[in-house]
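All remarks here apply to the structure that follows.
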Amino acid sequence: MSDLFEKIVSLSKRRGFIFQSSEIYGGLSATYDYGPLGVELKRNVTQRWWNSMVYQHQNISGLDAAILMHPTTWKASGHVDAFNDPLIDDKTSKMRYRADQLIEGHIDRLRRKGKDEEADRVYQGLVDALNAEDSAKALYDVIMSEEIRSPDSGMFDWTEVRHFNLMFDTTIGPVSNPDNKIYLRPETAQGIFVNFHNVRETGRHQVPFGIAQIGKAFRNEIVARQFIFRMREFEQMEMQYFVQPGTQMEAFEQWREERMNWHLSNGIRASKLRWHEHEKLAHYADAAQDIQYEFPIGWQEVEGIHSRTDFDLKAHQEHSGKKMEYFDPRSNEKYIPYVVETSVGLDRTVLTLLCEAYREEEVGGDTRTLMKFHPKLAPITVGILPLVKKDGMPELAHKIEDRLKDQMNTFYDEKGAVGRRYRRMDEIGTPYCVTVDGESVEEGTVTVRERDTMQQERIPVDNLLGYLVERIADWKVS
Ligand code: GAP
């Protein structure tokens, strides 16, 4: 793990953003709990996503489908047969890797050494292997021919590549037998597909229209060593946009643009985001691109935009016997709609924000650690700090808190030197602090300190709410 990544993980725990799940029992790997600040950050992200998808588009409705679904769902979707990772074991260290990621790592190393031609050749080998009939054997052959060594032990002592299904299963009802086997959903999308007609009819939608959903998904990830980047229980924010066949590429481009703009609007610097085209299309897709962020662990996917054709609706029609067709009154034809999907990980968005926000600055010979969250995403928007615990200052500070807290998340802190309190607020990413001093009590003015510039301004208490709202709206990434 990189130094920077370790610092972010450590701050997340120390300040109450994210904890290892079941820590007192030694932890459960690749599962995490969100603490008091993490949960606020996460809620702000979901609110922004919901607002941008559902409230900003009249033709998109929300849904909250059950995690447990009829098991045939996963047969129809292809997950039972094809939701696999190609795995390979280092016989010496007993560490397990994803074969495609091992090859990708090798390609990255070649590029870093300036061996672009060789990297291009191996990349082509990877693409061919992923698309091969027997992809496990083809990936194994690439690892052998390129003599790719184990990242941990440095050995070249591999098992064969095997496919491993990522779905968690359990049984429903009191009797545990194979007929009662069901799955924890590995994506939220299928809950949307099976409700296609329910939402279309009750929402009185005509194609094109969308269904948006936020919810938990579960994958028995084998290589899960990167904090909340790859979890076994995580949350997705997905939207399926149903379109007339033949118009899917137009919708694909529209959603590509909208989704990239959403990440930028969260205060992510444009230089840290890029597009990545899939080397191998999933079994359901005719186009797929990812939005990647440059994490301290390298460029990695945050969101996928997929053109899923009519694969899912058609498969559910076949397996359920229920018609998934739509009669289009505009074109007078019946068809199964095509689907463009936007699928972003909530936890991965949170990780993006933590990585993007984390900064260290030299101030007067000291290191100031700050989280430069967008003020609309910051867990706490305003810290309210009476200079001392007497002379009417706490009373006025509480009054100010009461006035602000309907509009923004506030935190009252009267403990310790004010400089220390500012640093604490910086470290959890609070964009504004309001300090109440003797002058505040006498003249009705307070000091507002900005996290990013550390500049302070004196403001009449009566103008404070308007002032903060304006500053938040004007905030720019730096
Ligand atoms: N319905 C399409 C779908 O699920 P995906 O690319 O497998 O597509 C979409 O997942 C997003 O979900 C990813 O871009 C990522 O942000 C998030 N995601 C997937 N697996 C994850 C995991 N194990 N841990 C955390 N987030 C994950």
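Test Val382 against the criterion of being under 26 Å from Pro36 (Cα atoms), in contact (Cβ under 8 Å) with a residue 12 or more places away in the chain and surrounded by fewer than 18 Cβ atoms within 10 Å (Cβ to Cβ), and give yes or no. Answer is no for this residue. Each residue in the stretch 228-245 was checked for being closer than 17 Å to Gln300 by Cβ and among the aromatic types (Phe, Trp, Tyr), and 2 pass. The set of residues in the stretch 84-109 that are open to solvent by less than 40 Å² (accessible area, probe 1.4 Å) and either modelled with pLDDT under 90 or over 29 Å from the mean Cα position of the chain (by Cα) (or both) comprises Asp85, Asp90. Residues that are among the polar types (S, T, N, Q), closer than 23 Å to His79 by Cβ and either part of a strand (DSSP E or B) or more than 10 Å from the ligand (Cβ to nearest atom) (or both) occur in the stretch 289-303; there is at least one. Checking Arg256, Arg308 one by one, the residue that is open to solvent by 30 Å² or more (accessible area, probe 1.4 Å) and not acidic (Asp, Glu) is Arg256 and no other. Entry remark, the stretch 304-340: residues being in a strand (DSSP E or B) and within 16 Å of the ligand (Cβ to nearest atom) number 9 in total. Is it the case that the stretch 242-263 has a residue that's closer than 27 Å to Glu6 by Cα and not acidic (Asp, Glu)? Within the stretch 242-263, one or more residues are closer than 27 Å to Glu6 by Cα and not acidic (Asp, Glu).
Would you check if Ser271 is hydroxyl-bearing (Ser, Thr, Tyr), within 13 Å of the ligand (Cβ to nearest atom) and either over 16 Å from the mean Cα position of the chain (by Cα) or not in a strand (DSSP E or B) (or both)? The answer is no for Ser271. For the stretch 344-367, the count of residues that are of a type in the set (S, T, N, Q), in contact (Cβ under 8 Å) with a residue 40 or more places away in the chain and not in a strand (DSSP E or B) is nonzero. Residue check: is Thr247 within 21 Å of Tyr55 (Cα to Cα) and hydroxyl-bearing (Ser, Thr, Tyr)? No, not satisfied.
When each of Arg112, Arg121 is tested for being loosely packed, with under 13 Cβ neighbours inside 10 Å, among the basic types (Lys, Arg) and more than 30 Å from Gln317 (Cα to Cα), the lone residue that passes is Arg112.
Confirm whether Glu233 is touching a Ser or Thr at 6+ places or on another chain (Cβ under 8 Å), surrounded by fewer than 21 Cβ atoms within 10 Å (Cβ to Cβ) and touching a residue at least 60 places away in the same chain (Cβ under 8 Å). Yes, satisfied.
Looking only at residues of the stretch 331-354 that are among the polar types (S, T, N, Q) and open to solvent by 20 Å² or more (accessible area, probe 1.4 Å), we find that the one that is nearest to Trp255 (Cα to Cα) is Ser331. Quick test of your reading of the structure: Ala357 fulfils all but one of (1) more than 16 Å from the ligand (Cβ to nearest atom); (2) closer than 30 Å to Gly246 by Cβ; (3) open to solvent by less than 10 Å² (accessible area, probe 1.4 Å). Name the failing condition by number. For Ala357, the failing item is (2).
Residue-by-condition table, conditions (1) more than 25 Å from Arg368 (Cα to Cα); (2) part of a loop (DSSP other than H, G, I, E, B); (3) open to solvent by 30 Å² or more (accessible area, probe 1.4 Å):
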residue	(1), (2), (3)
Thr430	no, yes, no
Val448	no, no, no
Thr453	no, yes, yes
Asp462	yes, no, yes
Val469	yes, no, yes
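The residue that is nearest to Val223 (Cα to Cα), among those in the stretch 124-161 that are open to solvent by less than 80 Å² (accessible area, probe 1.4 Å) and among the hydroxyl-bearing types (Ser, Thr, Tyr), is Ser150.
The values are calculated or read from the model by the stated rules, or taken from the named source; none is laboratory data. The structure displayed is predicted, hence computed values, not measured ones. A quick note on method: Cβ atoms are made from the backbone with ideal geometry, for glycine too, and the neighbour counts reach across all protein chains shown. The area values use the complete protein model at the heavy-atom level, side chains included, leaving out ligands, DNA and RNA. Shrake-Rupley method; radii C 1.70, N 1.55, O 1.52, S 1.80 Å.
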